[in-house]
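Trainee: Quick one: structure below, then a few questions.
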Amino acid sequence: MVTAKQENQFAKRIGAALAKQRLDKGLTQEQVAELIGVEQETISRFERGATIPPLLRLIDLAELFKVPLDTLVRAGSSRPLDQAIDIASSLNGLNEEDREWVRNWTVDMCKKLSNAT
């Protein structure tokens, strides 16, 4: 069962992902709102994590931002597999040497952090 805290964290992560996509596309909240037919305050509430967008709105936003729906949903997830997929996606733009550097750094950091707890 999902707790209120988990739901709140999910909403905040989805909101951050929406804001990032909007900024990456160079759009204002007002422009996004107009393009999907909602009020600007609705977009603001989504981005602040005050409300979780309904599925149909998430679909609208994914289409507007030209990203797969799972990109937005995965951004809200705290599951390690979803987070790993996001990291793997970020590695796609790197050359082999840089990917290996990032992989080694990530493994080292995870070891250090797991020993610190």
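The values are calculated or read from the model by the stated rules, or taken from the named source; none is laboratory data. What you see is a predicted model; the values in this text were computed from it and never measured. Don't worry about glycine lacking a Cβ; one is built from the backbone with ideal geometry, like all the others, and counts go over all protein chains shown. Heads up: the accessible areas ignore ligands, DNA and RNA and are worked out on the full protein's heavy atoms, side chains in. Shrake-Rupley method; radii C 1.70, N 1.55, O 1.52, S 1.80 Å.
Trainee: How large is ³J(HN,Hα), in whole Hz, for each residue of segment 36-41 in order, when computed from phi with the Karplus curve 6.51 cos²θ - 1.76 cosθ + 1.60 and θ = phi - 60°, using x for Gly and Pro?
Mentor: 10, x, 10, 7, 4, 4
Trainee: What is the sum of charges, Lys and Arg at +1 and Asp and Glu at -1, for the other residues whose Cβ falls under 12 Å from the Cβ of I36?
Mentor: -3
Trainee: What 222 nm value per residue comes from the helices of the chain, counting each DSSP H run with n ≥ 4 as -39,500 (n - 2.57) and dividing by all residues, nearest 500 deg cm²/dmol?
Mentor: Taken over the chain, the calculation gives -24500 deg cm²/dmol.
Trainee: Further, regarding this structure: List, in the order given, every pair from K12/K112; K25/K112; K66/K111 whose Cα-Cα distance in the structure shown is over 29 Å. Can you show the working numbers first?
Mentor: Values: K12/K112 27 Å; K25/K112 36 Å; K66/K111 36 Å.
Violating the 29 Å Cα-Cα cut-off are K25/K112; K66/K111.
Trainee: Output ³J(HN,Hα) for segment 44-53: one whole-Hz value per residue in order, computed from phi by the Karplus curve 6.51 cos²θ - 1.76 cosθ + 1.60 with θ = phi - 60°, and x for Gly and Pro.
Mentor: Couplings: 4, 5, 4, 5, 6, x, 6, 9, 8, x Hz.
Trainee: Also: What's the carbon and sulfur percent of the chain's accessible surface, probe 1.4 angstrom, rounded to a whole number?
Mentor: Reported share for carbon and sulfur atoms: 57 percent.
Trainee: With a 1.4 Å probe and every protein chain left in place, work out the accessible area per residue of the chain in Å², rounded to a whole number.
Mentor: Numbers: 8100 Å² over 117 residues.
Here the per-residue accessible area is 69 Å².
Trainee: I've got another one for you. Only one of the listed values, (1) 58; (2) 54; (3) 67, was derived from the coordinates as percent of Cα pairs over 18 Å apart; which label is it?
Mentor: Checking each listed value against the structure points to (1).
Trainee: Just need the relative contact order of segment 32-117 here, percent rounded to a whole number, with Cα pairs under 8 Å and 6+ apart.
Mentor: Relative contact order, segment 32-117: 13 percent.
Trainee: Right, here's the next one. Just order 42-51, 58-67, 103-112 by mean Cβ neighbour count inside 10 Å, highest at the front, would you?
Mentor: 42-51, 58-67, 103-112
Trainee: Where does helix 80-91 land angle-wise versus the long Cα axis of the chain, in degrees 0 to 90, nearest 10?
Mentor: The angle comes out at about 90 degrees.
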